[in-house]
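Everything below concerns the one structure shown next.
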Amino acid sequence: MVQEPYVNGKNIIPNPVSDLKIFARSDRHTRPRACIYYHKSLVNKLWYMDSLSTGDCTVVRTKIDNVTVLIVSCYMDRNDALCPPQAFKNAVNHANRHGMAFVAGADANAQSTVWNSKTFDSIGSNRGEELLAYIAREDLIVENNGDTPTFDNGRWQNSIDLTITNKKGHDLLSNWQVMADETIINSSDHHFITFSCKPCSEFGKTKFRDIAKTDWKKFQDVLADSMASSRDTFKRVETSATPQNIDEAAKKLADNIIEAYNSASPEIYVSNKIKAPPWETKQVREAQAGIRFRLRQARSTRADKDWSELRSHQAECHRLVGHTKKEKSTDCDSALIPLLKAKPDAG
């Protein structure tokens, strides 16, 4: 669940790596400020709730431990009159009306001692009181615990990013924590927030059968053997075409086809790991980590020297990424060219 994600000039959120996909409201005229990243292996286990989603609130439905769950990523604009926004309330109402678990990650821009905010101003405090009243009224739960701030821009720290659940959602979650470790590569002012879900059989290894890799010769052989062994079932239809005999023959034919296909097309497992792009070398990761350190330092000191050093490091990092991408692309071309030039064997 991500708020204020990076978008390109067309207000499109690019995929950070090939293994991750994105749920977000697509609108080239308005920047989306909330999205949900998911692994490609979960494509058939998550459903985008278009009727509940907006540019600032992305809603997805799934199942965890046989419980239907509404997952929400919400950006709550500091300048909005409502806190929480109406889209968030609609998602809560939908979950309650249908008996679903509710799990939301939100950049709330609201301050309250309940979630250990460190600093306060009139707008943030008023938003916090309004949000807290809504949470109490709807019997929701704030999962935040501990005193580690979720936001740190070098000048001030605060807890304004919330994980909000209902009772069913709360029962699914554990180990909530803020990942404030400086060794974690994160160019945002907001720290990563992690939590664990109950073991979920629905989210086990994804497997499928690739029809393009089916051994059709084996399919024909297995099907022929199955049809031969089922000859008596089909003969009964020839002698007495009763509804029962026809249904039994149709079911047997379908079972034989499925058995033959499963034998000729073995299941393939899809890895749920997120592979880093080939250009993300150790040097690139170190350079990206340096940007966050210099950004926080510049915001803290406000010195021209530190801002200049930050811009210089950013430019160097961009050059390094571009060079590494080009280098990896050249390596790939060098490996492919001999294969493309190779002539097929005669005969």
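The values are calculated or read from the model by the stated rules, or taken from the named source; none is laboratory data. Note that the structure is a prediction, hence the values are computed from the model and not measured. Surface areas here come from the heavy atoms of the whole protein model, side chains and all, with no ligands, DNA or RNA. Shrake-Rupley method; radii C 1.70, N 1.55, O 1.52, S 1.80 Å.
Here are some notes:
- For the chain, the longest principal axis of the C-alpha atoms and the axis of helix 304-341 are separated by about 20°.
- Computed over the chain, Kirkwood Rh from alpha-carbon pairs, angstrom: 24.7
- Between the helical axis of 86-97 and the longest alpha-carbon principal axis of the chain there is an angle of about 50 degrees.
- Which listed pairs, of Lys118/Lys167; Lys63/Lys213; Lys118/Lys305; Lys167/Lys198, have C-alpha distances above 24 Å, in listed order: Lys118/Lys167; Lys63/Lys213; Lys118/Lys305
- Accessible area (Å², per residue) of the chain, counting only protein heavy atoms and a probe of 1.4 Å: 59
- Average Cα contact separation per residue, the chain, under 8 Å, 6 or more apart, as relative contact order %: 13
- Straight-line cross-link reach from Lys217 at under 20 Å between alpha-carbon atoms covers these aspartates and glutamates, not counting any fewer than eight positions away in the same chain: Asp225, Asp255, Glu259, Glu267.
- Proximity of backbone amide H atoms, modeled 1.01 Å from N, is registered between Met49 and Val59, Val60, Arg61 at under 5 Å, excluding neighbours fewer than 5 places apart on the same chain.
- Selected from Lys63, Lys118, Lys213 as most flexible by GNM, with the chain as the system and alpha-carbon contacts under 10 Å: Lys213
- Relative to the dominant Cα principal axis of the chain, helix 282-301 is inclined by about 30°.
- Of Arg294, Arg319, Arg236, the one that fluctuates the most in a GNM where the chain has Cα springs shorter than 10 Å: Arg236
- Beta bridges per DSSP, both residues in segment 63-120: antiparallel share near 20 percent.
- Cα gyration tensor shape for segment 92-196, rounded if a/c is under 1.5, else prolate or oblate: oblate
- When shorter helices are ignored and each DSSP H run of at least 4 residues is given -39500 (n - 2.57), the per-residue value for the chain at 222 nm works out to -13500 deg cm²/dmol.
- Of the residues Gln111, Gln177, Gln86, the one that moves most in a GNM of the chain with alpha-carbon contacts below 10 Å is Gln86.
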